[in-house]
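Heads up, the thing below is written out as structure tokens.
The values are calculated or read from the model by the stated rules, or taken from the named source; none is laboratory data. Note that this is a predicted model, so its numbers are computed, not measured. Every residue, glycine among them, receives a Cβ derived from its backbone with ideal geometry; neighbour counts consider all protein chains shown. Protein only, heavy atoms only, side chains kept; ligands, DNA and RNA dropped before computing areas. Shrake-Rupley method; radii C 1.70, N 1.55, O 1.52, S 1.80 Å.
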Amino acid sequence: MDIDINEYRSIFLEETKELIDQFEKSLLELEKDPNNTNAIQSLFRAAHTIKGSSASLGFDSLSKFTHSLENLMDMVRSSKIPLNQNIIDILFKGLDYIQEAVDDIESGHNGDIDSSELLQLIEKAKTSPSELSVLPDVSKIEKNVSRSLEELNDIETGVINEAFIKGLNVFVVKFSLAQGCQMKYPRAYMVLKSLEQLGEVFKTVPEVTDIEQEKFGLDLVYYIVTKSSEEEVKNVVQSIAEIEMVEVIPYESTRTEQIQKVSQESIEKDDKSEIKVKADFKKSQTIRISVERLDNLMNLVGELVIDRTRLIKISEDVEEALSGSDSVTSLAEVTTHMGRTINLLQDEILRTRMLPVSHIFERFPRLVRDLSHQLNKQIDFIVSGEETELDKSIIDEIGEPLVHLIRNSLDHGIEPPEERKSKGKPEKGKLMLSAKQEEGYVVIQIEDDGRGLDPDKIREKARKKDIVSPNILEQMDDQALFELLFLPGFSTADKVSEVSGRGVGLDVVKSVVERLNGSVSLSSKLGEYTRFTLKFPLTLAIIQALLVKVGKEVYALPLNVVLETRFLEEEEVKSIQSQQVTLFRGEVLPVLRLADIFETPGRENFQDNFLVVVSTSDKNVVLSVSDLIGNSEVVIKPLGYIVNKVKGFFGATILGDGRVALIVDTVSLMSAVKEKNFIKVG
Amino acid sequence: MEKNSLTSDVYEIQLVVFKLANEFYGIEISSVQEIIKIQDITRVPKAPAFVEGVINLRGKIVPIIDLRKRFELGQTERTKDTRVIVVETSGNIVGFIVDLVTEILRFSSDSLEPPPPIFSGIDAEYIKGVAKVDERLIVLLDINLIFKGEEEESLKMLEAGK
């Protein structure tokens, strides 16, 4: 037989990883809501599938283990044993075991990892489940009562994602028919019809066939994709007779609130209800493409973007020289049209490289769960906007910084339950992680409702560490003080704890974020909240930059580090101990002449007319330049052999006239200036 | 086929021959991508002195190295003959500024002699061999070693704290 076992192996690995993710997600849902029968089902199915596929490839240990797990799930599912914390903990351990075994298989082994201890635990749980348990016996609680609205199948999630991409709204429309309504079906039908005039209804609870046979109580839920606003949708439904209690909820908020209750009647049928109002929702057809190929495409589009800029300039020149001629007009037309097409092409290519942030967000619920147990804190972890998309290369990098911020919030931000209680706060702390797209950026926020930051404490610490001179420290407002936290070696926690705070801290977060051309900011109110806001460009290959002139040379400054530009007025710049300084938002900042740093030829012969305030890793600095050209979208190109060893630049770009401009990396430039060393090692 | 093809380690060499401060040098044609006229070079601040800057070669950023400065043969005067030889080796693309590109030569590898122990121009370590063609001495450069040498050079500058 000549079957390629490696191919099967990689298919197995891919599938199993997906199942592991699903297992984890369902398990977390189950822990929140032990009555979630769907979660139990999904756990059972995942274990069952892994058992089958691992057996067929001869991974016996894994197969044996999942078999036992499947049995346990089956007993839970059929209510033979009650679901309790003990079983949930066992399931988490089981998940870890499967993960470990899969990692082992991935590294070329057979997943032969000893599971006997865990298997014993499982057997014990099967026979005497209550012996070890924490025991909130949930099996008696009415099964049907709570059911989250989240149960959407693939097609439905597809519809929703598509809607979000197109910028349409998705609403969950809940309403009841009036008590004693004689024509239940016609009323429900009228609502459906009138909603369809606003958009597409892609799901109903219960499903349409049941509605037709009047197999429902008084409550109905419709899901709609529409351009219309919440208000418009609500008005339309309310205008229909015998309809009461209309609620229109944007889909996202139902997602965060999670446990929406649907009345008992509407869920008499156990399986999911769905309809496709318009049958043209194709199942998304996907193919796998290597990232390398996408990178190539991205580069080619970069070329086109450059050509576009050049062509526009040429076309303008030609127009000036030969205005009025027909062919000049057509040239301008073609140039404009091609420019637009290239823009669209660029957008499309960028999109192919985008992944939803759920890729990283997925691992956080488990992290929060484990940490909060470890710290004995109660946390309500709310995630939203997981579908927001970001460039893959950014996604790959931001996991660690986010983990760090989450740990920080859990460890230092949110207080222990007793402390919260004594402050009159709910015992359960809230940690919110959200992502959303704002213009050309993706904004990720992490917010906790914990202690908040104490400006006085930070000031005290800064004084002790002698980071800022005392008189400046006195003048700093809260915001400026918070910024100090991003300095290397500055951490407010008094004690080093196991979870976070080992000296590496926010400065690392900041440098990672800035390396990705992003920015990070912090706001807080003492006793109320702390919020970190991370802002990333959608892609790394193309950035917004400020083009400046230094003498005759042109340089690009990434816009994300530019805080302000202003006309240089002589009296603003003062000399303190041979260092030029100026005042910016109450802070004294050094003024550096780029021409001097870059040793621009003929620098004695021109004047600087503008100041550009830029942020660097530790302190903002002011750069003086001879002229500002303006903002422009630039394509980042690698500098190439030897030149990439020079500090201070992270690439070059090609300007409209075909010349090359270097893109300044303010962080490495400043550290090079400080160390007087411009050559990278290695 | 020529008479020397009996021994297997004899092969034909094709060289791009150029002039640098009165001497003739050659680079194997297989590593030469193209030869271009000198164009707008963007200076790279703080780069080693032999790096003239970078150019835009059809959308690619290509570093330009002044071979005269690289081998301490004085400053190149830009004339209408000045050319940039764009070479590619192990993934690096670099342009070398030379005084003049004269011709493409082919000759058999067995006419290549080891470098003379004392040579007025370039360090012997970068020389693969010399060939005598029509009374001219052509020095065959080892591109890979030049690349490697530059790495070391820039590290030396680092140590010197420049």
Estimated distance in nm for a label pair at residue A:593 and residue B:49, the labels positioned 7 Å out from Cα along Cα-to-Cβ: 2.4 nm
Take peptide A:550-561, look around each residue's Cβ out to 10 angstrom, count Cβ atoms belonging to other protein chains, and average those counts. 1
Report, to the nearest 10°, how far helix A:85-106 tilts away from the longest principal axis of the Cα atoms in chain A, using its own Cα long axis and a range of 0 to 90°. 60 degrees
From the phi of every residue in the stretch B:41-58, what ³J(HN,Hα) in whole Hz does the Karplus formula 6.51 cos²θ - 1.76 cosθ + 1.60 yield, where θ is phi - 60° and glycine or proline is x? 10, 8, 5, 10, x, 6, 6, x, 4, 6, 8, 6, x, 10, 10, 9, 9, 6
Equivalent ellipsoid, the stretch A:5-126 (semi-axes from 5 times Cα gyration tensor eigenvalues, Å): 24, 15, 12
Return one whole number: the accessible area per residue of the protein assembly as shown in Å², for a 1.4 Å probe. 51 Å²
Compute the normalised compactness of the stretch A:402-463: alpha-carbon radius of gyration over 2.2 N^0.38 Å, N being the residue count. 1.38
Where does the charge balance sit around residue A:245 when Lys and Arg score +1, Asp and Glu -1, over other residues with C-beta under 12 Å from its C-beta? -2
Roughly how many debye, to the nearest 20, is the charge dipole of the stretch A:168-250 about its Cα centre, given +1 on each Lys and Arg Cβ, -1 on each Asp and Glu Cβ, and no other charges? 60 debye
Radius of gyration and maximum dimension Dmax of the stretch A:168-250, Cα, Å: 11.6, 36
Per principal axis, descending, Cα span of chain A in whole Å: 88, 71, 67
Taking Cα atoms, how many degrees apart are the long axis of helix A:5-32 and the longest axis of chain A, rounded to 10 and kept between 0 and 90? 80 degrees
Ordering of A:527-534, A:564-571 by packing [mean C-beta count within 10 Å, highest first]: A:527-534, A:564-571
Protein accessible surface hidden between A and B, which excludes ligands and nucleic acids, total in Å², probe 1.4 Å: 2500 Å²
If each DSSP helix of 4+ residues adds -39,500 (n - 2.57) and the sum is divided by the residues in chain A, what number results at 222 nm, nearest 500 deg cm²/dmol? -13500 deg cm²/dmol
So for the pair residue A:340, residue A:240, with labels modelled 7 Å out along Cα→Cβ, what separation do we get in nm? 4.0 nm
Shielding of B:51-59 by partners, i.e. mean partner chain Cβ atoms within 10 Å per residue? 5
With all protein chains present, how much of the accessible area of the stretch A:168-250 (probe radius 1.4 Å) comes from carbon and sulfur, to the nearest whole percent? 49 percent
Within 10 Å, count the other beta carbons around each residue, average over each peptide in A:203-214, A:597-608, A:638-649, and list them highest first. A:638-649, A:203-214, A:597-608
Beyond 18 Å between alpha-carbons counts as too far, so tell me which of A:392/A:436; B:19/B:132; A:676/B:46; A:193/A:227; A:421/A:461 fall in that bin. A:421/A:461
Tilt of helix A:60-77 relative to the longest C-alpha principal axis of chain A, in degrees (0 to 90, nearest 10)? 60 degrees
Could you list, in their original order, any pairs among A:17/A:203; A:574/A:637; A:430/A:535; A:430/A:525 whose Cα atoms are separated by more than 27 Å? A:17/A:203; A:574/A:637
Inter-chain shielding metric for A:629-638, i.e. average beta-carbon neighbours from other chains within 10 angstrom, reads 1
Taking 2.2 N^0.38 Å as the expected size of a compact globular protein, what ratio does the Cα radius of gyration of the stretch B:12-156 give against it, to two decimals? 1.01
Looking at this model, which pairs from A:32/A:184; B:37/B:60; A:32/A:80 are more than 25 angstrom apart at the alpha-carbon? A:32/A:184
